[in-house]
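Here is the structure we will look at, set down as structure tokens.
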Amino acid sequence: MSSPTGPAPGSPRIDAAAPGLPVRMPRTRPSGRHRKPEPLAAPEGAPALVLAVPGTPSPASRSLAEEVSSIARSELPGLDARLGYVDGEGEEFPSLEAVLAQAAAEQNARAAETGQPAPAGPAAVVVPLLAGPDSALLRRIRQAILNSASGAELTDVLGPHPLLAEALHVRLSEAGLARADRARLFTVATAADGIILATVGGEEAVQAAGITGMLLSARLAVPVLAAGLDEEGAIARTAEQLRSSGSQQLALAPYLIGPELADGLLGAAAAEAGCASAEALGAYGAVGRLVLSNYAAAMGITLPGQGLGAAVR
């Protein structure tokens, strides 16, 4: 038995320099299916990820977009993530066009310092902070890319996607409008038996939301119908359709990240439908991961677990 100050009396003395002692070797990485993936980092000189933030710029939208960018950076260390506002101007809320022009100028400056020609690839990859397609907004984003002369690449919007159905489920459960746990079948007294999935962006956006709505319906085992917040009377008509089919306790679920949602629009829609509403998706973790997934797809980068819960296009 050893004492706190050394070996117990009478125990054999061990010389640290004696031959034949075991040597601690570095642990080898396991191979095969149980091997952990190598940690990823953004390639050196990779294009910036520019998050195109819609809506009227505000401290709240900036905080949300910064949190989404932070999630993406945490998943891919070394990622150069920036914010560009579709309706921005000035230093506090820089416009998308200005951010892209700056990224292109920095890329050219790095090439000049090294004496190398500018890379053939884009200076930036633009990811719209949109759950679904909004043709008017996407037109403006494309125009900003053209005006910046940056050669930036534009990715798809974030949905439809199973992870967004998960995020909708979480927001509904946080508002007490849905069961929080499918496996245990927790009951919620205020749980809705019909969901209106609210979006903006016209008919194309409503159709895309309907795909995620089917995934949400499968999770909650209640009917889910999509409707446009920006179409007069659409929310009320959808509420009536759900009630006529047997649903009595409705809930409004915004299929929106948040910045693209005009102030007061969601509350007015909930009042029109006569039901409670969940919060917008916001900076839910899945939103940040989908932003990074779109960037990685444009860059040809395979992320760990990519392909699980793949997009429904």
Which far-off residues, 5 or more places away or on another chain, put their amide H under 5 Å from the one on L79, with H placed in the peptide plane? A42
Give the long-range amide H neighbours of A123: residues separated by 5 or more places, or on another chain, with amide H under 5 Å away, using H modelled in the peptide plane at 1.01 Å from N. A152
In terms of modelled amide H atoms, which long-range or inter-chain residues lie less than 5 Å from the amide H of A276? L252
Calculate one ³J(HN,Hα) per residue across the range 155-168 by plugging θ = phi - 60° into the Karplus curve 6.51 cos²θ - 1.76 cosθ + 1.60, and present them in order as whole Hz with x for glycine and proline. 8, 5, 5, 7, x, x, 6, x, 5, 6, 4, 4, 5, 4
Whole-Hz Karplus ³J(HN,Hα) for the range 260-271, in order, using 6.51 cos²θ - 1.76 cosθ + 1.60 and θ = phi - 60°, x for Gly and Pro? 7, 8, 5, 4, x, 5, 5, x, 5, 5, 5, 5
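Read-outs throughout are calculated quantities, based only on the coordinates presented, and are distinct from any laboratory measurement. Quick caveat, the model's predicted, so the values are computed rather than measured.
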